[in-house]
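S.K.: What follows is a single structure, and I will ask about it in a moment.
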Amino acid sequence: DIFPATRGHALVIPRAHAADVRDAHPDDLAAAAHAAQLLAGRAFERLGADGVTVMQSNGAAAWQTVFHYHVHVIPRYEGDPLVLPWTPGTEPADAVELEKLAASLR
């Protein structure tokens, strides 16, 4: 990444254009996932990362700023400046609501 979040931040970008995950060909998704896996392993092994964040956004509301499908592989280091983009909830979800959502997504 030319504007890295941390040292070693890399992008996986398929050659074929797709605006986001919905438009990407399944073979490109599989290849991107495999490349992200390899880069994550190398971040641990070769860069001494303490962790790795693999991130992919779809749509402006999800922080997508480049409208070509891509995956961020961000090596994480103790004390790096990145923070969670949301505060996890403290209350469990309503079981009935979860079932309704699950039914909608099936």
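The values are calculated or read from the model by the stated rules, or taken from the named source; none is laboratory data. Note that the structure is predicted; figures quoted are calculated from it, not measured. So basically every Cβ, Gly included, is an ideal-geometry build from the backbone, and we count neighbours across all protein chains shown. For the accessible areas, the whole protein counts, side chains as well, though only heavy atoms, and no ligand, DNA or RNA atoms are used. Shrake-Rupley method; radii C 1.70, N 1.55, O 1.52, S 1.80 Å.
S.K.: Can you check how the C-alpha radius of gyration of the chain compares to 2.2 N^0.38 Å, as a plain ratio?
M.R.: 1.26
S.K.: Something else now. Please list, by residue number, everything in region 37-54 whose backbone N is under 14 Å from a paramagnetic label point 7 Å out along Cα→Cβ of residue 7.
M.R.: Residues passing the 14 Å test: 43-51.
S.K.: Applying the Karplus parametrisation 6.51 cos²θ - 1.76 cosθ + 1.60 with θ = phi - 60° to the phi angles of region 8-19, what ³J(HN,Hα) value in whole Hz is obtained for each residue in order, glycine and proline being reported as x?
M.R.: Per residue, the Karplus-derived 3J(HN,Hα) values read x, 4, 10, 10, 10, 10, x, 5, 6, 6, 8, 5 Hz.
S.K.: What nm value, rounded to one decimal, do you get for the distance between residue 38 and residue 80 when each label is placed 7 Å out toward the C-beta?
M.R.: Computed distance between label sites residue 38 and residue 80 equals 2.1 nm.
S.K.: Then there is this: Got a sec? Which residues in region 62-106 would a label at residue 16 touch, if it sits 7 Å along Cα→Cβ and we count backbone N under 15 Å?
M.R.: Once the point is set 7 Å along Cα→Cβ of residue 16, 69-70 turn out to lie under 15 Å by backbone N, inside region 62-106.
S.K.: Considering only DSSP states other than H, G, I, E and B, which GluC sites (Glu not before Pro) in region 69-99 qualify as loop sites with at most 16 other Cβ atoms within 10 Å?
M.R.: Sparse-neighbourhood loop GluC sites (Glu not before Pro): 78.
S.K.: Quote the charge dipole size of the chain about the Cα centre in Debye, to the nearest 20; the model charges only the Cβ of Lys and Arg (+1) and of Asp and Glu (-1).
M.R.: I would put it at about 340 debye.
S.K.: Let's test the formula: R0 of 25 Å, r as the Cβ-Cβ distance of residue 63 and residue 96. What FRET efficiency results, to the nearest 0.05?
M.R.: My answer for the efficiency is 0.25.
S.K.: When only Cα pairs under 8 Å and 6 or more residues apart are kept, what is the percent relative contact order across region 40-106?
M.R.: 29
S.K.: Before I look further, what does the chain give for accessible area per residue, probe 1.4 Å, in whole square angstrom?
M.R.: 73
S.K.: Just the number, please: carbon plus sulfur as a percent of the accessible area of the chain, 1.4 Å probe, no ligands or DNA/RNA counted.
M.R.: Solvent-exposed carbon and sulfur of the chain make up 60 percent of the total.
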